[in-house]
Amino acid sequence: QVRLVESGGGLVQAGGSLRLSCGASGHTLSTYAMGWFRQAPGKERQFVAAINRSGGTTYYTDSVKGRFTISRDKNKNTVYLQMISLKPEDTAVYYCALRLGEEAKVDHFEYVYWGQGTQVTVSS
């Protein structure tokens, strides 16, 4: 069983920045592809970004391209989502997820393990 833990969420003004972190206790993340998803109230869970095992391939949903960056630090066993130029429409609970494979994917059903989520609220 893999337990993922997100941190770094909070309240920020539009145009601000946050960095989300995703770690795992007792399990190495570097073997697997990882993804970030988000869910706003009343909406379905949405793909945000994904990174492959090596970190050499990343994918982003169109609305965050140029503003969000997914990365991983194998030494720290952590995956990050750096978010800049935040907008009110970025407000959501953000989840990190682990895929039991090397390739990054954009579909949520490809991911087996999920964190509990961290709230990001962007005020206008």
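Read-outs throughout are calculated quantities, based only on the coordinates presented, and are distinct from any laboratory measurement. Please read these numbers as outputs of a predicted model, since none were measured by experiment. Using ideal geometry, Cβ is built from the backbone for each residue, glycine included, and neighbour counts are taken over all protein chains shown.
Taking the stretch 36-124, which GluC sites (Glu not before Pro) meet the DSSP loop condition and have no more than 13 other C-beta atoms within 10 Å?
In loop regions of the stretch 36-124 (DSSP not H, G, I, E or B), the sparsely surrounded GluC sites (Glu not before Pro) are GLU44, GLU102, GLU103.
Of the residues LYS76, LYS87, LYS105, which exhibits the maximal mean-square fluctuation in a Gaussian network model of the chain defined by a 10 Å Cα contact cut-off?
Comparing LYS76, LYS87, LYS105 in the GNM, the peak value goes to LYS76.
Shape verdict for the stretch 21-66, please, from the Cα gyration tensor: rounded (a/c under 1.5), prolate (a/b greater than b/c) or oblate.
Taking the square roots of the gyration eigenvalues as a ≥ b ≥ c, the stretch 21-66 is oblate.
Under 5 Å between amide hydrogens, which residues at least 5 positions from GLY117 or on another chain qualify, with H placed 1.01 Å from N in the peptide plane?
Amide H neighbours of GLY117, under 5 Å, 5+ apart: GLU6, CYS96.
Describe numerically, in nm with one decimal, the distance between label points set 7 Å from Cα along Cα→Cβ at THR61 and at THR31.
3.0 nm
Counting pairs of Cα atoms in the chain, how many percent are more than 18 Å apart?
45 percent
With r as the distance between the Cβ atoms of ALA40 and VAL5 and R0 = 22 Å, compute the FRET efficiency 1/(1 + (r/R0)^6) and round to 0.05.
E(calc), rounded to 0.05, equals 0.55.
Between GLN116 and GLN82, what is the label-point separation in nm under the 7 Å Cα-to-beta-carbon projection?
Distance between label points: 2.8 nm.
Give a residue-ordered list of calculated ³J(HN,Hα) values for the stretch 81-96 (Karplus: 6.51 cos²θ - 1.76 cosθ + 1.60, θ = phi - 60°; whole Hz; x for Gly, Pro).
Here the 3J(HN,Hα) series is 10, 8, 10, 10, 6, 5, 10, x, 6, 7, 4, 4, 8, 9, 10, 9 Hz.
What residues have an amide H closer than 5 Å to that of VAL48, excluding those fewer than 5 places away on the same chain, when H is modeled at 1.01 Å from N in the peptide plane?
For VAL48, whose amide H was placed from the backbone, the distant partners under 5 Å are TRP36, PHE37, ARG38.
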